[in-house]
Amino acid sequence: VKVTYEEIDSVIYTVYTLNTDKEITENTGLSIENNVIFDGNNQTITYSGSDAWEGLFSPVSGPALANKIIFKIRNINFVLNGANVAERGGCILGTSNDGTTAYDYFIVDIENCHTSGTGDIGNYAGGICGGSFGRSNSGGSITNCSNSLAIEGTEAGGICGFWNQVDISYCWNTGSINGIGSGGICGS
């Protein structure tokens, strides 16, 4: 991973750029960090583990409403093989409410991320981000992203799981949709 810095709207971000394809066999759940950009550099990250996939990144709570964590994810090709997306999970960003813990005060912007493979999207889950992404005191955007995984879960979505308060633009789904209350872009 290469580390550089980038200024956006007078804020200096630390940029972590992936420089090779990566294969993983265990859930990562990397914590989002303030003023950080993860750039996949259009490399492919493949998960081929046996457990249900929860998310490449997991939300964390920021310190306060006026001091939210700002994190950006871009340019990732994610392949899910040998597992399904866990309940409320997402291929790129996991859930902000797992039924026990709710994470607040963060903004995550996701751009140019694409999911594919042999896995399915489970209940309340999403191809890009998991259920509850963008609670009322958090948010973000998803731009130019796509999913081709099959949507099999209840209230699941090709891009986002259920209860999402996020701006979505230029995104598409080509995966089949079989879950009750599910959709190509968002569930429920």
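The values are calculated or read from the model by the stated rules, or taken from the named source; none is laboratory data. Everything numeric here is computed off the predicted structure, so don't read it as measured data. Backbone-built Cβ (ideal geometry, glycine too); neighbour counts: all protein chains shown. The area values use the complete protein model at the heavy-atom level, side chains included, leaving out ligands, DNA and RNA. Shrake-Rupley method; radii C 1.70, N 1.55, O 1.52, S 1.80 Å.
Considering only residues that are hydrophobic (A, V, I, L, M, F, W, C) and open to solvent by 50 Å² or more (accessible area, probe 1.4 Å), look in the stretch 1-10 and name the one that is farthest from the chain's Cα centre (by Cα). Before the answer, list the steps.
Filtering the stretch 1-10 down to residues hydrophobic (A, V, I, L, M, F, W, C) leaves 1, 3, 8.
Now restrict to residues that are open to solvent by 50 Å² or more (accessible area, probe 1.4 Å): 1, 3.
Working: V1: 20, V3: 21 Å.
So, considering only residues that are hydrophobic (A, V, I, L, M, F, W, C) and open to solvent by 50 Å² or more (accessible area, probe 1.4 Å), the one farthest from the chain's Cα centre (by Cα) is V3.
Which of the residues belonging to the stretch 11-25 are closer than 24 Å to S61 by Cβ and more than 17 Å from the chain's Cα centre (by Cα)?
Residues of the stretch 11-25 closer than 24 Å to S61 by Cβ: 11-16.
Scanning the stretch 11-25 gives V11, I12, Y13, T14, V15.
Test T28 against the stated conditions and say whether it is farther than 19 Å from S138 by Cβ, under 13 Å from the mean Cα position of the chain (by Cα) and open to solvent by 40 Å² or more (accessible area, probe 1.4 Å). Steps first, please.
Values: farther than 19 Å from S138 by Cβ: yes; under 13 Å from the mean Cα position of the chain (by Cα): yes; open to solvent by 40 Å² or more (accessible area, probe 1.4 Å): yes.
Taking the combined requirement at face value, the residue satisfies it.
Working carefully through the options T100, T95, find the one that is without any contact (Cβ under 8 Å) to a residue 12 or more places away in the chain, assigned to a loop (DSSP other than H, G, I, E, B) and open to solvent by 20 Å² or more (accessible area, probe 1.4 Å). Talk me through it step by step, then tell me what you get.
Working: T95 fails: without any contact (Cβ under 8 Å) to a residue 12 or more places away in the chain.
Being without any contact (Cβ under 8 Å) to a residue 12 or more places away in the chain, assigned to a loop (DSSP other than H, G, I, E, B) and open to solvent by 20 Å² or more (accessible area, probe 1.4 Å) holds for just one of T100, T95, which is T100.
hydroxyl-bearing (S, T, Y) and either within 11 Å of P59 (Cβ to Cβ) or not in a strand (DSSP E or B) (or both): which single residue out of S136, S116 fits that description?
Working: S116 fails: either within 11 Å of P59 (Cβ to Cβ) or not in a strand (DSSP E or B) (or both).
Just one listed residue meets the conditions, S136.
Give me a count of the residues in the stretch 139-171 that are farther than 25 Å from Y105 by Cβ, polar (S, T, N, Q) and assigned to a loop (DSSP other than H, G, I, E, B).
Number satisfying all stated conditions: 3.
Considering only the stretch 103-140, state which residues are touching a Pro at 6+ places or on another chain (Cβ under 6 Å) and open to solvent by 10 Å² or more (accessible area, probe 1.4 Å).
Going residue by residue through the stretch 103-140, those that are touching a Pro at 6+ places or on another chain (Cβ under 6 Å) are 103, 106.
Once the filter is applied, which keeps residues that are touching a Pro at 6+ places or on another chain (Cβ under 6 Å) and open to solvent by 10 Å² or more (accessible area, probe 1.4 Å), the stretch 103-140 yields only Y103.
Does any residue in the stretch 169-183 that is in contact (Cβ under 8 Å) with a residue 24 or more places away in the chain come within less than 6 Å, Cβ to Cβ, of a residue that is crowded, with 16+ Cβ neighbours inside 10 Å and of a type in the set (D, E) six or more places away or on a different chain, and which pairs are these?
N178/E152; G179/E152; G181/E155
I want to confirm something. Restricting to the stretch 43-74 and keeping residues that are among the polar types (S, T, N, Q), surrounded by 15 or more Cβ atoms within 10 Å (Cβ to Cβ) and within 15 Å of V85 (Cα to Cα), which single residue is modelled with the highest pLDDT?
So the first thing to find is which residues in the stretch 43-74 are among the polar types (S, T, N, Q), and the list is 43-44, 46, 48, 50, 58, 61, 67.
When the remaining residues are screened for being surrounded by 15 or more Cβ atoms within 10 Å (Cβ to Cβ), the result is 43-44, 46, 48, 58, 61.
Checking which are within 15 Å of V85 (Cα to Cα) leaves us with 46, 48, 58.
On the way: T46: 97, S48: 94, S58: 91.
Per the criteria, the residue is T46.
Any residue in the stretch 16-23 that is open to solvent by less than 40 Å² (accessible area, probe 1.4 Å), out of contact with any Asp or Glu (no Cβ under 6 Å at 6 or more places or on another chain), of a type outside the set (S, T, Y) and modelled with pLDDT of 90 or more?
Of the residues in the stretch 16-23, the ones open to solvent by less than 40 Å² (accessible area, probe 1.4 Å) are 17-18.
Retained after the next criterion (residues that are out of contact with any Asp or Glu (no Cβ under 6 Å at 6 or more places or on another chain)): 18.
Going one step further and asking which of them are of a type outside the set (S, T, Y), we end up with 18.
With modelled with pLDDT of 90 or more added as a condition, the list becomes 18.
The answer is yes, given that some residue of the stretch 16-23 is open to solvent by less than 40 Å² (accessible area, probe 1.4 Å), out of contact with any Asp or Glu (no Cβ under 6 Å at 6 or more places or on another chain), of a type outside the set (S, T, Y) and modelled with pLDDT of 90 or more.
Of everything in the stretch 77-88, what is without any contact (Cβ under 8 Å) to a residue 60 or more places away in the chain, surrounded by 19 or more Cβ atoms within 10 Å (Cβ to Cβ) and assigned to a loop (DSSP other than H, G, I, E, B)? Give them in sequence order.
Within the stretch 77-88, A83, A86 qualify.
Looking at (1) open to solvent by 70 Å² or more (accessible area, probe 1.4 Å); (2) within 25 Å of I107 (Cβ to Cβ); (3) charged (D, E, K, R), find the lone condition where D39 falls short.
Evaluating D39 over (1) open to solvent by 70 Å² or more (accessible area, probe 1.4 Å); (2) within 25 Å of I107 (Cβ to Cβ); (3) charged (D, E, K, R) leaves (1) as the failure.
So G119 ticks every box in (1) closer than 27 Å to N19 by Cβ; (2) of a type in the set (G, A, S); (3) without any contact (Cβ under 8 Å) to a residue 60 or more places away in the chain but one. Which box is left unticked?
With respect to (1) closer than 27 Å to N19 by Cβ; (2) of a type in the set (G, A, S); (3) without any contact (Cβ under 8 Å) to a residue 60 or more places away in the chain, G119 is out only on (3).
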